[in-house]
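The values are calculated or read from the model by the stated rules, or taken from the named source; none is laboratory data. Keep in mind it's a predicted model, so treat the numbers as computed, not measured. Note that we place each Cβ from the backbone using ideal geometry, even for glycine, and neighbour counts take in every protein chain shown. Remember, those area values only see protein heavy atoms, side chains included, never the ligands or the DNA or RNA. Shrake-Rupley method; radii C 1.70, N 1.55, O 1.52, S 1.80 Å.
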Amino acid sequence: MKKEQSKAIGPIIGISLAILGFLIWLIYFKTPGETDAEWFAKLPAVNASLNALSACFLSFGLLAIKRGLKKAHIAMMVSATLSSSLFLICYIIYHNYQGDTRFLAEGFIRPIYFFILITHILLSMVVVPLVLLTLWLAISKQFTSHKKIAHWTFPIWLYVSVTGILVYLILHNFNAA
Ligand code: HEM
(Lines give C-alpha, C1' and ligand atoms only; values in the text may rest on other atoms or scores of the structure.)
Protein backbone atom coordinates (compact mmCIF):
# COMPACT_ATOMS: atom_id res chain seq x y z
CA MET A 1 0.00 0.00 0.00
CA LYS A 2 1.25 3.49 -0.91
CA LYS A 3 2.29 5.90 1.86
CA GLU A 4 -0.49 8.42 0.99
CA GLN A 5 -3.05 5.60 1.16
CA SER A 6 -1.98 4.28 4.57
CA LYS A 7 -2.08 7.85 5.97
CA ALA A 8 -5.89 7.86 5.66
CA ILE A 9 -6.48 4.37 7.10
CA GLY A 10 -6.11 5.39 10.79
CA PRO A 11 -8.66 8.26 10.74
CA ILE A 12 -11.08 6.24 8.54
CA ILE A 13 -11.01 3.23 10.91
CA GLY A 14 -11.32 5.61 13.90
CA ILE A 15 -14.40 7.40 12.47
CA SER A 16 -16.03 4.09 11.44
CA LEU A 17 -15.51 2.49 14.88
CA ALA A 18 -16.84 5.64 16.61
CA ILE A 19 -20.04 5.51 14.48
CA LEU A 20 -20.43 1.74 15.09
CA GLY A 21 -19.88 2.05 18.86
CA PHE A 22 -22.37 4.94 19.08
CA LEU A 23 -25.05 2.99 17.16
CA ILE A 24 -24.63 -0.15 19.33
CA TRP A 25 -24.99 2.01 22.47
CA LEU A 26 -28.00 3.88 21.02
CA ILE A 27 -29.94 0.81 19.88
CA TYR A 28 -29.10 -1.75 22.58
CA PHE A 29 -28.08 0.13 25.75
CA LYS A 30 -29.65 3.61 25.86
CA THR A 31 -33.13 3.96 27.40
CA PRO A 32 -35.33 5.13 24.48
CA GLY A 33 -36.83 8.63 24.78
CA GLU A 34 -40.59 9.13 24.58
CA THR A 35 -42.55 10.76 21.77
CA ASP A 36 -45.99 10.47 20.21
CA ALA A 37 -45.18 13.04 17.54
CA GLU A 38 -46.77 12.35 14.13
CA TRP A 39 -43.46 12.79 12.27
CA PHE A 40 -41.90 9.95 14.28
CA ALA A 41 -44.26 7.34 12.77
CA LYS A 42 -43.22 8.51 9.29
CA LEU A 43 -39.46 8.15 9.88
CA PRO A 44 -39.13 4.47 8.76
CA ALA A 45 -40.72 5.38 5.40
CA VAL A 46 -38.44 8.44 5.10
CA ASN A 47 -35.42 6.22 5.83
CA ALA A 48 -36.46 3.65 3.21
CA SER A 49 -36.93 6.49 0.68
CA LEU A 50 -33.43 7.84 1.43
CA ASN A 51 -32.03 4.33 0.85
CA ALA A 52 -33.90 4.17 -2.47
CA LEU A 53 -32.47 7.57 -3.42
CA SER A 54 -28.92 6.38 -2.61
CA ALA A 55 -29.42 3.24 -4.73
CA CYS A 56 -30.57 5.40 -7.70
CA PHE A 57 -27.69 7.90 -7.37
CA LEU A 58 -25.19 5.02 -7.10
CA SER A 59 -26.53 3.25 -10.20
CA PHE A 60 -26.56 6.46 -12.29
CA GLY A 61 -23.07 7.30 -10.97
CA LEU A 62 -21.71 3.98 -12.25
CA LEU A 63 -23.48 4.38 -15.61
CA ALA A 64 -21.99 7.90 -15.89
CA ILE A 65 -18.35 6.83 -15.36
CA LYS A 66 -18.81 3.83 -17.72
CA ARG A 67 -19.75 6.42 -20.40
CA GLY A 68 -16.79 8.65 -19.47
CA LEU A 69 -19.00 11.37 -17.92
CA LYS A 70 -16.73 12.35 -15.01
CA LYS A 71 -18.69 15.42 -13.82
CA ALA A 72 -21.94 13.44 -13.76
CA HIS A 73 -20.13 10.58 -11.92
CA ILE A 74 -18.89 12.99 -9.24
CA ALA A 75 -22.32 14.68 -8.87
CA MET A 76 -24.10 11.31 -8.52
CA MET A 77 -21.59 9.85 -6.04
CA VAL A 78 -21.59 13.01 -3.89
CA SER A 79 -25.44 12.91 -3.93
CA ALA A 80 -25.36 9.21 -2.91
CA THR A 81 -23.03 10.11 -0.03
CA LEU A 82 -25.35 12.96 1.06
CA SER A 83 -28.53 10.84 0.92
CA SER A 84 -26.83 8.02 2.85
CA SER A 85 -25.54 10.53 5.44
CA LEU A 86 -29.04 11.99 5.79
CA PHE A 87 -30.32 8.42 6.22
CA LEU A 88 -27.80 7.88 9.04
CA ILE A 89 -28.97 11.09 10.79
CA CYS A 90 -32.68 10.09 10.49
CA TYR A 91 -31.82 6.53 11.62
CA ILE A 92 -30.11 7.95 14.74
CA ILE A 93 -33.13 10.23 15.46
CA TYR A 94 -35.48 7.22 15.05
CA HIS A 95 -33.46 4.98 17.37
CA ASN A 96 -33.22 7.74 19.95
CA TYR A 97 -36.92 7.01 20.58
CA GLN A 98 -37.16 3.37 19.51
CA GLY A 99 -34.77 0.64 20.73
CA ASP A 100 -34.29 -2.54 18.71
CA THR A 101 -37.29 -3.73 16.67
CA ARG A 102 -38.70 -7.19 17.44
CA PHE A 103 -39.82 -9.30 14.45
CA LEU A 104 -42.91 -11.25 15.48
CA ALA A 105 -44.13 -12.74 12.20
CA GLU A 106 -43.98 -16.54 11.77
CA GLY A 107 -43.62 -18.78 8.70
CA PHE A 108 -41.62 -18.56 5.46
CA ILE A 109 -40.87 -14.84 5.85
CA ARG A 110 -38.91 -15.33 9.09
CA PRO A 111 -35.70 -16.94 7.67
CA ILE A 112 -35.87 -14.59 4.65
CA TYR A 113 -36.15 -11.53 6.94
CA PHE A 114 -33.27 -12.61 9.19
CA PHE A 115 -31.01 -13.49 6.24
CA ILE A 116 -31.61 -10.03 4.75
CA LEU A 117 -31.29 -8.27 8.13
CA ILE A 118 -28.07 -10.03 9.22
CA THR A 119 -26.29 -9.57 5.86
CA HIS A 120 -27.55 -5.93 5.81
CA ILE A 121 -26.14 -5.23 9.31
CA LEU A 122 -22.78 -6.97 8.68
CA LEU A 123 -22.19 -5.24 5.35
CA SER A 124 -23.34 -1.83 6.65
CA MET A 125 -20.44 -2.03 9.15
CA VAL A 126 -18.02 -2.52 6.24
CA VAL A 127 -19.59 0.06 3.95
CA VAL A 128 -18.76 3.12 6.10
CA PRO A 129 -14.94 2.72 5.95
CA LEU A 130 -15.16 1.63 2.29
CA VAL A 131 -17.12 4.76 1.25
CA LEU A 132 -14.76 7.04 3.20
CA LEU A 133 -11.70 5.37 1.61
CA THR A 134 -13.19 5.48 -1.91
CA LEU A 135 -14.05 9.18 -1.51
CA TRP A 136 -10.63 10.00 -0.09
CA LEU A 137 -8.83 8.18 -2.93
CA ALA A 138 -10.88 10.22 -5.44
CA ILE A 139 -10.33 13.55 -3.64
CA SER A 140 -6.57 12.88 -3.40
CA LYS A 141 -6.57 12.02 -7.13
CA GLN A 142 -5.38 8.40 -6.67
CA PHE A 143 -7.75 7.21 -9.38
CA THR A 144 -6.15 3.77 -10.02
CA SER A 145 -6.62 2.83 -6.34
CA HIS A 146 -10.02 4.60 -6.33
CA LYS A 147 -11.20 2.35 -9.14
CA LYS A 148 -9.85 -0.82 -7.44
CA ILE A 149 -11.50 -0.12 -4.05
CA ALA A 150 -14.69 1.23 -5.72
CA HIS A 151 -15.26 -2.18 -7.32
CA TRP A 152 -15.92 -3.46 -3.77
CA THR A 153 -17.58 -0.30 -2.44
CA PHE A 154 -20.18 -0.06 -5.22
CA PRO A 155 -21.86 -3.51 -4.93
CA ILE A 156 -21.69 -3.55 -1.11
CA TRP A 157 -23.18 -0.05 -0.83
CA LEU A 158 -25.91 -0.91 -3.34
CA TYR A 159 -26.70 -4.15 -1.45
CA VAL A 160 -26.93 -2.29 1.89
CA SER A 161 -29.23 0.38 0.37
CA VAL A 162 -31.54 -2.12 -1.36
CA THR A 163 -31.75 -4.47 1.66
CA GLY A 164 -32.52 -1.39 3.83
CA ILE A 165 -35.64 -0.89 1.70
CA LEU A 166 -36.50 -4.63 1.87
CA VAL A 167 -36.20 -4.69 5.69
CA TYR A 168 -38.61 -1.74 5.86
CA LEU A 169 -41.09 -3.37 3.43
CA ILE A 170 -41.05 -6.70 5.29
CA LEU A 171 -41.50 -5.04 8.70
CA HIS A 172 -44.26 -2.82 7.32
CA ASN A 173 -46.18 -5.70 5.70
CA PHE A 174 -45.53 -8.69 8.00
CA ASN A 175 -44.84 -7.40 11.52
CA ALA A 176 -48.09 -7.37 13.44
CA ALA A 177 -46.88 -5.40 16.49
C1 HEM B 1 -17.81 6.89 -2.77
C2 HEM B 1 -18.23 7.38 -3.93
C3 HEM B 1 -17.73 6.81 -5.26
C4 HEM B 1 -17.90 5.55 -5.77
C5 HEM B 1 -18.64 4.36 -5.14
C6 HEM B 1 -17.22 5.54 -7.06
C7 HEM B 1 -17.19 4.44 -7.91
C8 HEM B 1 -16.38 4.35 -9.02
C9 HEM B 1 -16.22 3.17 -9.83
C10 HEM B 1 -16.96 1.83 -9.59
C11 HEM B 1 -15.33 3.45 -10.81
C12 HEM B 1 -14.83 2.49 -11.89
C13 HEM B 1 -15.76 2.44 -13.07
C14 HEM B 1 -15.30 1.40 -14.07
O15 HEM B 1 -15.33 0.21 -13.78
O16 HEM B 1 -14.91 1.80 -15.17
C17 HEM B 1 -14.93 4.83 -10.64
C18 HEM B 1 -14.04 5.49 -11.43
C19 HEM B 1 -13.73 6.84 -11.31
N20 HEM B 1 -14.16 7.70 -10.34
FE21 HEM B 1 -15.40 7.24 -8.84
N22 HEM B 1 -16.68 6.77 -7.28
C23 HEM B 1 -16.96 7.58 -6.20
C24 HEM B 1 -16.62 8.92 -6.03
C25 HEM B 1 -15.83 9.64 -6.91
C26 HEM B 1 -15.46 11.02 -6.75
C27 HEM B 1 -15.89 11.91 -5.56
C28 HEM B 1 -14.67 11.34 -7.83
C29 HEM B 1 -13.98 12.64 -8.15
C30 HEM B 1 -13.50 13.50 -7.28
C31 HEM B 1 -14.53 10.16 -8.65
C32 HEM B 1 -13.82 10.09 -9.83
C33 HEM B 1 -13.62 8.95 -10.59
C34 HEM B 1 -12.82 8.87 -11.80
C35 HEM B 1 -12.04 10.03 -12.42
C36 HEM B 1 -12.88 7.55 -12.24
C37 HEM B 1 -12.19 6.95 -13.46
C38 HEM B 1 -10.87 6.36 -13.02
C39 HEM B 1 -10.14 5.70 -14.16
O40 HEM B 1 -10.78 5.18 -15.09
O41 HEM B 1 -8.90 5.72 -14.09
N42 HEM B 1 -15.27 9.14 -8.07
N43 HEM B 1 -15.57 5.36 -9.52
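Tabulate in residue order the Karplus-calculated ³J(HN,Hα) for the range 81-97, using 6.51 cos²θ - 1.76 cosθ + 1.60 with θ = phi - 60°, rounded to whole Hz; enter x for Gly and Pro.
5, 5, 5, 5, 5, 5, 4, 4, 5, 5, 5, 5, 4, 4, 6, 5, 9
Restricting to DSSP H runs of at least four residues, report the calculated mean residue ellipticity at 222 nm for the chain, -39500 (n - 2.57) per run over all residues, nearest 500 deg cm²/dmol.
-29000 deg cm²/dmol
At a probe size of 1.4 Å, how large is the accessible area of S124, to the nearest 10 Å²?
Ignoring ligands and nucleic acids, S124 comes out at about 40 Å².
For an R0 of 25 angstrom, estimate the FRET efficiency from the Cβ-Cβ distance between H151 and A52 and round to the nearest 0.05.
0.60
Name the aspartates and glutamates eligible as straight-distance cross-link partners of K66: C-alpha to C-alpha under 18 Å, and not fewer than 8 places from it in the same chain.
Candidates past the 8-residue exclusion: nothing left.
So if a site counts as exposed when it's one of the trypsin sites (Lys or Arg not before Pro), its DSSP state isn't H, G, I, E or B, and it has at most 13 other Cβ atoms within 10 Å, what's the longest stretch of the chain without one?
103-140
Per 0.36 nm of contour for each residue apart, how much would the distance between I24 and S59 grow if the chain were fully extended, relative to their Cα-Cα spacing?
Extra length available between I24 and S59 comes to 9.6 nm.
Excluding same-chain residues fewer than 8 positions from K147, which aspartates and glutamates have a Cα within less than 18 Å of its Cα?
Excluding near neighbours in sequence, the set is E4.
With only alpha-carbon atoms counted, please give the Rg and Dmax of the range 52-95, in Å.
Radius of gyration, then largest Cα-Cα span, for the range 52-95: 12.0, 41 Å.
Give me D for the chain in µm² s⁻¹, whole number, from Stokes-Einstein with Rh from the Kirkwood sum over alpha-carbon pairs, 4 °C and 1.567 mPa s.
74 µm²/s
Got a sec? What order do D100, D36 fall in by accessible area at 1.4 Å, biggest, i.e. largest, first?
Ranked from most to least accessible, the order is D36, D100.
Which number comes out as Rg/Rh for the range 74-138 once both Rg and the Kirkwood Rh are worked out on C-alpha atoms?
Expressed as Rg/Rh, it is 1.08.
Among T35, H146, N175, which residue has its Cα furthest toward the positive end of the charge dipole of the chain, with +1 on Lys/Arg Cβ and -1 on Asp/Glu Cβ?
So the residue we want is H146.
Round to the nearest 0.05 the FRET efficiency obtained for Q98 and I74 when R0 = 41 Å and r is the Cβ-Cβ distance.
After rounding, the FRET efficiency stands at 0.70.
Rounded to the nearest 20 debye, what is the charge dipole size of the range 1-137 about its Cα centre when +1 sits on each Lys and Arg Cβ and -1 on each Asp and Glu Cβ?
In debye, rounded to 20, the range 1-137 gives about 820.
For W157, W152, what's the largest-to-smallest order of accessible area, 1.4 Å probe?
Reading off the accessible areas and sorting them downward yields W152, W157.
What nm value, rounded to one decimal, do you get for the distance between F143 and S6 when each label is placed 7 Å out toward the C-beta?
So the label points at F143 and S6 sit 2.7 nm apart.
Sorted from largest down, give the three principal axis spans of the alpha carbons of the range 1-66, whole angstrom values.
Extents along the principal axes: 52, 33, 13 Å.
Please find the FRET efficiency linking T35 to L166, where r is the Cβ-Cβ separation and R0 is fixed at 35 Å, and quote it to the nearest 0.05.
0.85
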